[in-house]
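Visitor: Handing you this structure, nothing more for now.
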Amino acid sequence: TEAYLAAMAAARPLNAYVLETPERARLMAAASDARRASGEVGALEGIPLGVKDLYCTEGVRTTACSRILDDFTPPYESTVTTNLWADGAVMLGKLNCDEFAMGSSNETSAFGDVINPWRRKRPDGSIDPTPLVPGGSSGGSSAAVAAHLAAGATGTDTGGSIRQPAAFTGTVGIKPTYGRCSRWGIVAFASSLDQAGPFARTVRDAAILLKSFASVDPKDTTSVDLPVPDYESAVGRSIRGKVIGIPKEYRVDGMPEEIEALWRQGIDWLKAAGAEIREISLPHTKYALPAYYIVAPAEASSNLARYDGIRYGLRVTGDDITDTYERTRAAGFGSEVRRRIMIGTYVLSAGYYDAYYVRAQKVRTLIKRDFDIAFAAGVDAVLTPATPSSAFGIGEKSGGDPVEMYLNDIFTVTVNMAGLPGMSVPAGLDAKGLPLGLQLIGRPFDEETLFQVAEVIE
Ligand code: GLN
């Protein structure tokens, strides 16, 4: 704990943490030492972790990196973090993220950008000092784990926010099956897509963390009452005979040859380890991104209606209650969040609801069916690239057309739309010396196979 606290203090320019909690960390570490002395050792005993600032932490400021939550201090603790502390983990602080988890670069945070600890190499081998994004929305989590500012971290993934930042920082990130972890106490973005999951430096660490994250919870009726397997025991198990699907629709136009090459390399590794490789078709893939950008803003516009300046967080007092609502929301929400609220309100409004929202839900069913068909035909896991590029420069994609930023999620959103488990595993470096990730997608509640296959790639 002390080593991590010192590293955090030395790495403040990365802006990974929005709040460091050294006193709490020391108290938790001391309590952990006492437990250990009495022979009581939890699964995460003494392990120092960072927490995405989307998770409510009792008595510790939680902001979702939005001005509208200002200095909100929750009187309760999220179920996932409750599980982690019950297993002995130590909280180091709260991690930066995109505002309400809306973004792919951590550039929408009210606390400013996070800097990726990785740097590009120039063709002559010298280091280009241009600061790069760590991905998003869980950019503080990915940067902290990559820079050794936490042994692991919590993230959330609505459309790729664990897997894309993991790919950009050379870390392991898993979005479990929808329902595997409780969403209770995590600030909601799009409730039918949001899932909690861990960041770690290795597949094994991610497996150990997920075991602790997962639980059925009466406070989240979408959490599922299934036994949580010992994921760690899947790591290192042979993948001989496993069927790995390669979806041809993920070969998108304009994808850099390096990403294609990495994908081929991944296929070769799995083949060499005894897996059977099978070309599959997921024909509705191309509709996933546009449908996601209807469903996610629709749910967000509803979830964010609670920030009214009355119940918690920021209040800008106006002439009457309506004026107070308007002033508070205008001052409290950043531009990307306002854009999502407007899109969401539009697609849910009378006259447009059937044309946009209902159609997007139908597309969602078709996307899920594509995967169901592949799994029914014997596919155990699907292998794709995690992202269409490596990390880009801060400011490079945030200036103009928001769709350019949305394209980052092209390989990840299908997984949330279908509720499946997905994982990003570091698979190599590009010519600029930046990490690239491969994505594994599994059957519902079969995270075990993902850990098993990922270990071969790692
Ligand atoms: N980048 C996507 C978005 O902005 C996904 C974010 C997420 O998974 N939280 O909606």
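Visitor: Can you list residue pairs whose Cβ atoms sit under 8 Å apart, with the first residue in region 135-148 being assigned to a helix (DSSP H, G or I) and the second being surrounded by fewer than 24 Cβ atoms within 10 Å (Cβ to Cβ) and of a type in the set (Phe, Trp, Tyr)? Count only pairs 6 or more apart in sequence or on different chains.
Guide: Ala146/Trp118
Visitor: Continuing with this model, one more query. Would a scan of region 208-228 turn up a residue that is more than 16 Å from Phe451 (Cβ to Cβ), touching a residue at least 12 places away in the same chain (Cβ under 8 Å) and within 16 Å of the ligand (Cβ to nearest atom)?
Guide: no
Visitor: Kindly check whether there is at least one residue in region 220-227 that is in the same structural domain as Leu149 (by TED's automatic domain parsing), part of a loop (DSSP other than H, G, I, E, B) and in contact with a His (Cβ under 9 Å, 6 or more places away or on another chain).
Guide: No, because not a single residue in region 220-227 is in the same structural domain as Leu149 (by TED's automatic domain parsing), part of a loop (DSSP other than H, G, I, E, B) and in contact with a His (Cβ under 9 Å, 6 or more places away or on another chain).
Visitor: Follow-up. What is the residue count in region 176-191 for residues that are assigned to a loop (DSSP other than H, G, I, E, B), farther than 11 Å from Phe213 by Cα and not aromatic (Phe, Trp, Tyr)?
Guide: The number of residues fulfilling the criteria is 7.
Visitor: Still on this model: May I ask you to verify whether Ala234 is away from the ligand (no atom under 16 Å from the Cβ), modelled with pLDDT of 95 or more and either more than 26 Å from Ile47 (Cβ to Cβ) or touching an Asp or Glu at 6+ places or on another chain (Cβ under 9 Å) (or both)?
Guide: Spelling it out, Ala234 is indeed away from the ligand (no atom under 16 Å from the Cβ), modelled with pLDDT of 95 or more and either more than 26 Å from Ile47 (Cβ to Cβ) or touching an Asp or Glu at 6+ places or on another chain (Cβ under 9 Å) (or both).
Rundown of residues vs (1) surrounded by fewer than 21 Cβ atoms within 10 Å (Cβ to Cβ); (2) small (Gly, Ala, Ser), yes/no style:
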position: Glu396; (1), (2): yes, no
position: Asp401; (1), (2): yes, no
position: Glu404; (1), (2): yes, no
position: Val413; (1), (2): no, no
position: Met417; (1), (2): no, no
position: Gly433; (1), (2): yes, yes
position: Leu436; (1), (2): no, no
position: Ile441; (1), (2): no, no
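Visitor: So which residues in region 46-72 are among the basic types (Lys, Arg) and surrounded by fewer than 24 Cβ atoms within 10 Å (Cβ to Cβ)?
Guide: Passing the criteria: Arg61, Arg67.
Visitor: Residue check: is Lys362 among the basic types (Lys, Arg) and within 13 Å of the ligand (Cβ to nearest atom)?
Guide: Here the answer is no, as Lys362 does not meet what is asked.
Visitor: How many residues does region 50-105 hold that are in a strand (DSSP E or B) and within 16 Å of the ligand (Cβ to nearest atom)?
Guide: 4
Visitor: Looking at region 320-336, which of its residues are within 16 Å of the ligand (Cβ to nearest atom) and surrounded by fewer than 11 Cβ atoms within 10 Å (Cβ to Cβ)?
Guide: Residue satisfying the conditions is Ser335 alone.
Visitor: Moving on. Checking the condition in contact with a strand residue (DSSP E or B) (Cβ under 8 Å, 6 or more places away or on another chain), assigned to a strand (DSSP E or B) and not assigned by TED's automatic domain parsing to the domain that holds Arg201, which residue from Leu420, Leu450, Leu383 passes?
Guide: Leu383
Visitor: Looking only at region 119-137, how many residues end up being hydroxyl-bearing (Ser, Thr, Tyr) and within 13 Å of the ligand (Cβ to nearest atom)?
Guide: 1
Visitor: For the structure I just gave you, tell me whether Ile267 is part of a strand (DSSP E or B) and within 23 Å of Ala207 (Cα to Cα).
Guide: Taking the combined requirement at face value, the residue does not satisfy it.
Visitor: Could you give me the residue pairs with C-beta distances under 8 Å whose first residue belongs to region 85-108 and is under 21 Å from Ser66 (Cα atoms), whose second residue is of a type in the set (A, V, I, L, M) and near the ligand (Cβ under 8 Å from one of its atoms) wherever it lies, and which are 6+ apart or on separate chains?
Guide: What qualifies is Gly103/Met405; Ser104/Met405; Ser105/Met405; Thr108/Met102.
Visitor: Same structure, new question: Is it true that some residue in region 228-236 is closer than 25 Å to Ala381 by Cβ, acidic (Asp, Glu) and within 21 Å of the chain's Cα centre (by Cα)?
Guide: yes
Visitor: For residues that are assigned to a loop (DSSP other than H, G, I, E, B) and in contact (Cβ under 8 Å) with a residue 60 or more places away in the chain, scanning just region 397-411, find the one that is nearest to Glu276 (Cα to Cα).
Guide: Phe411
Visitor: Kindly indicate whether Tyr352 is free of Cβ contacts under 8 Å to residues at least 60 places away in the same chain and either over 16 Å from Ile68 (Cα atoms) or not assigned by TED's automatic domain parsing to the domain that holds Val413 (or both).
Guide: yes
Visitor: Kindly list the number of the only condition in (1) over 30 Å from Gly313 (Cα atoms); (2) within 16 Å of the ligand (Cβ to nearest atom); (3) out of contact with any Ser or Thr (no Cβ under 8 Å at 6 or more places or on another chain) that fails for Asp409.
Guide: The single condition Asp409 does not satisfy is (3).
Visitor: Further question: Restricting attention to region 138-150, which residues are of a type in the set (Gly, Ala, Ser) and either touching a helix residue (DSSP H, G or I) at 6+ places or on another chain (Cβ under 7 Å) or within 12 Å of the ligand (Cβ to nearest atom) (or both)?
Guide: Ser138, Gly139, Ser141, Ser142, Ala143, Ala146, Ala147, Ala150 - these are the residues of region 138-150 that are of a type in the set (Gly, Ala, Ser) and either touching a helix residue (DSSP H, G or I) at 6+ places or on another chain (Cβ under 7 Å) or within 12 Å of the ligand (Cβ to nearest atom) (or both).
The values are calculated or read from the model by the stated rules, or taken from the named source; none is laboratory data. Values in this document were obtained by computation on a predicted structure and should not be read as measured data. Glycine gets a Cβ as well: all are built from the backbone with ideal geometry, and neighbour counts include every protein chain shown.
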